[in-house]
Amino acid sequence: QVQLVESGGGLVQPGGSLRLSCAVSGIPFRMYGMGWYRQAPGKQRESVASISSGGRTNYADSVKGRFTISRDNAKNTVYLQMNSLKSEDTAVYYCNPRGTGSWGQGTQVTVSS
């Protein structure tokens with residue numbers, strides 16, 4: 001059974017930074033690509049960033065140059081470093097092992113002055 005535990009969210013001012021973490025268990029983590037997604041109130045869930053099992057990364061245009069996805073296979077954890085945060089980044093952020101329907105509880109990110 002896949003378990004995903006996201007953490008690191010919070011309230012931050014515009015221009016600030018946060019680092020999200022997602023601890024993964026129940027799958028051979030190093031063999032899976034991982035994605036970060038977000039869902040803002042009243043909007044559909046959208047892809048933010050992904051990282052392949054080999055470390056190749058992809059980003060949504062809206063976060064390119066501001067967000068960085070990374071992974072630590074020794075810790076079964078994927079990270080999302082978020083810099084230069086904007087109000088439109090406010091959402092619940094989720095991680096997801098690619099090709100699975102597994103989701104955690106998410107972590108709330110609120111960007112507001």
Review point. Full extension from Arg19 to Glu46: what is 0.36 nm times the residue separation minus their Cα-Cα distance, to one decimal in nm?
Key: 7.9 nm
Practice item. Starting from the Cα gyration tensor of the range 1-103, take the square roots of the eigenvalues, sort them a ≥ b ≥ c, and report rounded, prolate or oblate (rounded when a/c is under 1.5, otherwise prolate if a/b is larger than b/c, else oblate). Key: prolate
**Study point:** From phi via Karplus (6.51, -1.76, 1.60), per-residue ³J(HN,Hα) for the range 15-22 in Hz, x at Gly/Pro
**Key:** x, x, 10, 9, 10, 8, 10, 9
Practice item. Express the relative contact order of the chain as a whole percentage, based on alpha carbon pairs under 8 Å and six or more residues apart in sequence. Key: 37
Review point. How much space per residue, in cubic angstrom, does the convex hull of the C-alpha atoms of the range 18-75 take up?
Key: 105
Practice item. Determine the gain in length on full extension of the stretch Ser53-Glu88; use 0.36 nm per residue of separation and subtract their C-alpha separation, reporting nm with one decimal. Key: 9.7 nm
Study note, to complete from the structure: Diffing the range 55-68: the Karplus 3J(HN,Hα) column from phi (6.51, -1.76, 1.60, θ = phi - 60°), in whole Hz with x for Gly and Pro, holds x, 6, 10, 9, 9, 5, 4, 5, 10, 4, x, 10, 10, 9
Point to revise | Net charge dipole size for the chain [Lys, Arg +1 and Asp, Glu -1 on Cβ; Debye, nearest 20] | key: 200
Review point. Taking Lys64 as the anchor, which lysines have their alpha carbon closer than 24 Å to its alpha carbon, excluding any fewer than eight residues away along the same chain?
Key: Lys43, Lys86
Review point. For the range 51-113, which whole percent of the accessible surface, found with a 1.4 angstrom probe, sits on carbon and sulfur atoms?
Key: 41
Exercise for review: Determine the relative contact order of the range 55-113: mean sequence separation of Cα pairs under 8 Å and six or more apart, normalised by residue count, in whole percent.
Suggested key: 24
Review point. Out of Leu80, Met34, Ser113, whose Cα points farthest toward the positive end of the dipole of the chain (charges: +1 Lys, Arg; -1 Asp, Glu; placed on Cβ)?
Key: Met34
Revision key, fill the gap. Karplus-derived 3J(HN,Hα) from phi for the range 98-113 (6.51 cos²θ - 1.76 cosθ + 1.60, θ = phi - 60°), whole Hz, x at Gly and Pro, runs 4, x, 10, x, 8, 9, x, 7, x, 9, 7, 10, 10, 10, 7, 8
**Study point:** Exposure rank, largest accessible area first [Asp89, Asp72; 1.4 Å]
**Key:** Asp72, Asp89
Practice item. Taking H placed 1.01 Å from N in the peptide plane, check which residues at least 5 places from Val48 or on another chain put their amide H under 5 Å from its amide H. Key: Trp36, Tyr37, Arg38
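The values are calculated or read from the model by the stated rules, or taken from the named source; none is laboratory data. Please read all numbers here as calculations on a predicted model, not as lab measurements. With ideal geometry, Cβ positions are generated from the backbone for all residues, glycine too; neighbour counts draw on all protein chains shown. Heavy atoms of the whole protein, side chains included, go into the accessibility calculation; ligands, DNA and RNA do not. Shrake-Rupley method; radii C 1.70, N 1.55, O 1.52, S 1.80 Å.
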